[in-house]
Amino acid sequence: MSSNLELRSTYFYTEGLGSSSVSSPSNIYGRSSAADSTIEEKPSEKNKFAVATHMSQAIHLGLGRELSTLTSNYSQQKLASKINTTLEALGKLSLEHAANEVVGFDLNEKRSFDESVNTKICIRSGSHKGHAIVHIPSFIPKNDIKVPAEATNFKIEARLVAVSDFVRKSEVFEMLAPKSDGKFGSFESQMLPILKTSTQPMTAHLRLLESGPISQNASTALILAVKFYKYADKKFESLEEEALISVRNIF
């Protein structure tokens, strides 16, 4: 994986969905906030599966309203089951322990991200915990993405979501970083046409601005989505069921 990420895209870096502000040195970082839907704070859970369920819930709520509509009906439960199989009943329970099972998990089970995206995407942690860098080299949409038949345009979105670790205390598992849990940073490209011409490279820096560097007792999940649209009657129609959305890394 390349660590040379000095390229800067001429694409838009947004501070929120629907924004159209052009990138500048002061706003190249994605929006950061608590999840769009406030996660219920659960400082303690009774069992290991409840912890896994909470971690999956934190990731899904961190997606926000728009990305959540791209996920399959039971993706939250299925992700919780994957996390649960890797957590140990004793000691600290961390999403990082589930990385081997979770990375590559498709939140829309109808479409495989790995089978549909042929361009190499470089993802690495930033200089502080709670920071991540995503670099997408130039690619040809028609050749490098399995595009739905009706699609005319697409967007790429990244979300970095913080998930607290837990530790067993007496009869329950207690959350170690409740202030970090559910915080997120995001990046969204502008609307791009699906053509046989190369895109420009994109580099996104994501960080959880409100919480600063997060506690060492928390992990972050990096989720990537490719959202497809059909342009007709002078408007874009979202093809939600055709979206690619996947957990790409755990830090």
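The values are calculated or read from the model by the stated rules, or taken from the named source; none is laboratory data. As the structure is a prediction and not an experimental result, all values here were calculated from the model. Ideal geometry is used to build each Cβ from the backbone, glycine not excepted, and the neighbour counts take in all protein chains shown. Note: accessible area is taken over every heavy atom of the protein model, side chains too, but ligands, DNA and RNA are not part of it. Shrake-Rupley method; radii C 1.70, N 1.55, O 1.52, S 1.80 Å.
If the chain linking Ser198 and Ser125 were pulled fully straight, counting 0.36 nm for each residue of separation and taking away their Cα-Cα distance, it would gain 23.6 nm.
Note on Lys169 and Glu241: the model spin-label points, each 7 Å out from Cα along the C-beta direction, lie 4.7 nm apart.
Amide H contacts of Arg248: Gly104, Leu222, Ile223, Leu224, each under 5 Å away and 5 or more positions distant or on a separate chain (H built 1.01 Å from N in the peptide plane; Pro and chain starts excluded). Computed over protein heavy atoms with a 1.4 Å probe, the accessible surface of the range 109-243 works out to 45 Å² per residue.
For Arg159, the accessible area of its heavy atoms, probed at 1.4 Å with every protein chain present, is near 0 square angstrom.
What the Cβ-Cβ distance of Met191 and Ile140 gives, at R0 = 22 Å and to the nearest 0.05, is a FRET efficiency of 0.80. Each pair of Cα atoms in the range 90-213 enters the Kirkwood radius, and Stokes-Einstein at 4 °C and 1.567 mPa s then converts it into a translational diffusion coefficient of 76 µm²/s. Only lysines eight or more places from Lys142 in sequence, or on another chain, were considered; those with a Cα closer than 23 Å are Lys110, Lys120, Lys155, Lys196, Lys227, Lys230, Lys234, Lys235.
Per-residue surface analysis assigns Glu66 an accessible area of about 70 Å², computed on protein heavy atoms at 1.4 Å probe radius. For the range 130-251, which whole percent of the accessible surface, found with a 1.4 angstrom probe, sits on carbon and sulfur atoms? Within the range 130-251, the accessible surface is 47 percent carbon and sulfur. Charge dipole of the range 45-100 (Cα centre as origin; +1 on each Lys and Arg Cβ, -1 on each Asp and Glu Cβ, all else neutral): 120 debye, rounded to the nearest 20. Between Glu150 and Phe49, the contour length at 0.36 nm per residue exceeds the Cα-Cα span by 32.3 nm. Based on the Stokes-Einstein relation at 25 °C and a viscosity of 0.890 mPa s, and on the Kirkwood radius from alpha carbon pairs, the range 157-251 is assigned a translational diffusion coefficient of 153 µm²/s.
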